[in-house]
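Asker: Handing you this structure, nothing more for now.
The values are calculated or read from the model by the stated rules, or taken from the named source; none is laboratory data. Because the structure is a prediction, the values reported are computed rather than measured. Cβ placement follows ideal geometry from the backbone for every residue including glycine, while neighbour counts extend to all protein chains displayed. Ligands, DNA and RNA are stripped out before the accessible areas are found, and what is left, the full protein with its side chains, is counted by its heavy atoms. Shrake-Rupley method; radii C 1.70, N 1.55, O 1.52, S 1.80 Å.
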Amino acid sequence: MDPSPKDSESAAAAEPSRGGAAPSSGVVVQVREKKGPLRAAIPYMPFPVAVICLFLNTFVPGLGTFVSAFTVLCGARTDLPDRHMCCVFWLNIAAALIQILTAIVMVGWIMSIFWGMDMVILASKYT
(Lines give C-alpha, C1' and ligand atoms only; values in the text may rest on other atoms or scores of the structure.)
Protein backbone atom coordinates (compact mmCIF):
# COMPACT_ATOMS: atom_id res chain seq x y z
CA MET A 1 0.00 0.00 0.00
CA ASP A 2 1.43 3.36 -1.06
CA PRO A 3 1.44 6.21 1.43
CA SER A 4 -0.90 9.03 0.53
CA PRO A 5 0.56 12.48 -0.30
CA LYS A 6 -0.83 13.83 2.98
CA ASP A 7 1.15 11.24 4.98
CA SER A 8 4.45 12.11 3.26
CA GLU A 9 3.86 15.86 3.77
CA SER A 10 3.17 15.44 7.47
CA ALA A 11 6.24 13.23 7.87
CA ALA A 12 8.40 15.87 6.18
CA ALA A 13 6.93 18.59 8.38
CA ALA A 14 7.64 16.61 11.55
CA GLU A 15 11.30 16.15 10.59
CA PRO A 16 13.63 18.87 11.91
CA SER A 17 15.09 21.08 9.22
CA ARG A 18 18.67 20.33 8.34
CA GLY A 19 19.48 23.50 6.39
CA GLY A 20 18.24 25.98 8.96
CA ALA A 21 19.73 29.36 9.58
CA ALA A 22 23.17 29.35 11.13
CA PRO A 23 23.48 31.11 14.46
CA SER A 24 24.84 34.62 14.34
CA SER A 25 28.57 34.62 14.93
CA GLY A 26 28.91 38.34 15.66
CA VAL A 27 31.38 39.00 12.83
CA VAL A 28 31.17 42.41 11.22
CA VAL A 29 31.90 42.37 7.52
CA GLN A 30 32.80 45.59 5.78
CA VAL A 31 32.65 45.83 2.02
CA ARG A 32 34.84 48.43 0.42
CA GLU A 33 34.59 49.07 -3.29
CA LYS A 34 37.83 49.53 -5.16
CA LYS A 35 37.43 51.88 -8.08
CA GLY A 36 39.63 52.13 -11.13
CA PRO A 37 41.07 55.51 -12.12
CA LEU A 38 38.37 56.27 -14.71
CA ARG A 39 35.49 55.47 -12.37
CA ALA A 40 37.15 57.28 -9.46
CA ALA A 41 37.41 60.37 -11.65
CA ILE A 42 33.62 60.80 -11.78
CA PRO A 43 32.99 64.15 -10.08
CA TYR A 44 30.60 64.76 -7.18
CA MET A 45 28.24 67.30 -8.75
CA PRO A 46 25.08 69.02 -7.55
CA PHE A 47 22.05 66.77 -8.09
CA PRO A 48 20.39 68.80 -10.93
CA VAL A 49 23.66 68.89 -12.89
CA ALA A 50 24.08 65.13 -12.47
CA VAL A 51 20.53 64.52 -13.74
CA ILE A 52 21.23 66.71 -16.79
CA CYS A 53 24.43 64.74 -17.46
CA LEU A 54 22.49 61.46 -17.18
CA PHE A 55 19.90 62.82 -19.63
CA LEU A 56 22.65 63.88 -22.06
CA ASN A 57 24.44 60.52 -21.74
CA THR A 58 21.21 58.67 -22.45
CA PHE A 59 20.53 60.40 -25.76
CA VAL A 60 24.04 61.34 -26.94
CA PRO A 61 26.60 58.87 -25.55
CA GLY A 62 29.56 60.61 -23.94
CA LEU A 63 28.12 64.13 -23.99
CA GLY A 64 27.15 64.15 -20.32
CA THR A 65 30.55 62.74 -19.37
CA PHE A 66 32.18 65.47 -21.45
CA VAL A 67 30.14 68.13 -19.62
CA SER A 68 30.98 66.57 -16.26
CA ALA A 69 34.69 66.90 -17.07
CA PHE A 70 34.30 70.68 -16.94
CA THR A 71 32.73 70.51 -13.48
CA VAL A 72 36.10 69.19 -12.29
CA LEU A 73 37.68 72.43 -13.49
CA CYS A 74 34.98 74.31 -11.59
CA GLY A 75 35.97 72.66 -8.31
CA ALA A 76 33.91 69.46 -8.13
CA ARG A 77 35.69 66.89 -5.98
CA THR A 78 36.38 63.29 -7.00
CA ASP A 79 37.64 60.10 -5.39
CA LEU A 80 41.13 60.92 -6.69
CA PRO A 81 42.34 63.51 -4.18
CA ASP A 82 46.02 62.80 -4.87
CA ARG A 83 45.78 63.64 -8.58
CA HIS A 84 45.91 67.13 -10.02
CA MET A 85 42.73 68.74 -11.31
CA CYS A 86 43.95 68.72 -14.93
CA CYS A 87 44.75 65.00 -14.76
CA VAL A 88 41.23 64.23 -13.51
CA PHE A 89 39.80 66.48 -16.24
CA TRP A 90 41.66 64.51 -18.91
CA LEU A 91 40.55 61.20 -17.41
CA ASN A 92 36.94 62.34 -17.79
CA ILE A 93 37.60 63.48 -21.36
CA ALA A 94 39.13 60.04 -22.08
CA ALA A 95 36.04 58.32 -20.63
CA ALA A 96 33.82 60.50 -22.84
CA LEU A 97 35.86 59.63 -25.94
CA ILE A 98 35.70 55.92 -25.12
CA GLN A 99 31.92 56.19 -24.79
CA ILE A 100 31.59 58.09 -28.08
CA LEU A 101 33.86 55.77 -30.05
CA THR A 102 32.34 52.53 -28.77
CA ALA A 103 28.73 53.73 -29.06
CA ILE A 104 28.64 52.28 -32.57
CA VAL A 105 28.63 48.75 -31.12
CA MET A 106 26.26 49.72 -28.24
CA VAL A 107 28.96 49.17 -25.60
CA GLY A 108 29.65 52.89 -25.31
CA TRP A 109 25.97 53.73 -25.09
CA ILE A 110 25.42 51.28 -22.24
CA MET A 111 28.60 52.49 -20.54
CA SER A 112 27.43 56.06 -20.97
CA ILE A 113 24.07 55.37 -19.31
CA PHE A 114 25.73 53.57 -16.39
CA TRP A 115 28.21 56.45 -16.08
CA GLY A 116 25.31 58.89 -15.84
CA MET A 117 23.62 56.71 -13.22
CA ASP A 118 26.86 56.72 -11.21
CA MET A 119 26.91 60.53 -11.43
CA VAL A 120 23.38 60.70 -10.00
CA ILE A 121 24.23 58.20 -7.24
CA LEU A 122 27.32 60.19 -6.28
CA ALA A 123 25.33 63.43 -6.38
CA SER A 124 22.72 61.98 -4.03
CA LYS A 125 25.50 61.07 -1.58
CA TYR A 126 27.00 64.55 -1.98
CA THR A 127 23.93 66.37 -0.67
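Asker: Among the residues of the range 80-97, which ones are open to solvent by less than 60 Å² (accessible area, probe 1.4 Å), at pLDDT 90 or above and not β-branched (Val, Ile, Thr)?
Answerer: 87, 89, 91, 92, 94, 95, 96
Asker: From the list 94, 123, 50, 76, which residue is free of Cβ contacts under 8 Å to residues at least 60 places away in the same chain, of a type in the set (Gly, Ala, Ser) and not in a loop (DSSP other than H, G, I, E, B)?
Answerer: Values: 123 fails: free of Cβ contacts under 8 Å to residues at least 60 places away in the same chain; 50 fails: free of Cβ contacts under 8 Å to residues at least 60 places away in the same chain; 76 fails: not in a loop (DSSP other than H, G, I, E, B).
When all the criteria are applied, what remains is 94.
Asker: Within the range 53-62, can you find the residues that are free of Cβ contacts under 8 Å to residues at least 12 places away in the same chain and not in a helix (DSSP H, G or I)?
Answerer: Across the range 53-62, the qualifying residue is only 60.
Asker: Which one of 71, 65 is buried (at least 17 other Cβ atoms within 10 Å of the Cβ), under 15 Å from residue 122 (Cα atoms), without any contact (Cβ under 8 Å) to a residue 60 or more places away in the chain and within 16 Å of the chain's Cα centre (by Cα)? Spell out the reasoning first.
Answerer: Working: 71 fails: within 16 Å of the chain's Cα centre (by Cα).
Answer to the check: 65.
Asker: Could you tell me which of the residues 121, 100, 113, 52 is open to solvent by 30 Å² or more (accessible area, probe 1.4 Å) and more than 18 Å from the chain's Cα centre (by Cα)? Can you show your working first?
Answerer: On the way: 121 fails: more than 18 Å from the chain's Cα centre (by Cα); 113 fails: more than 18 Å from the chain's Cα centre (by Cα); 52 fails: more than 18 Å from the chain's Cα centre (by Cα).
Answer to the check: 100.
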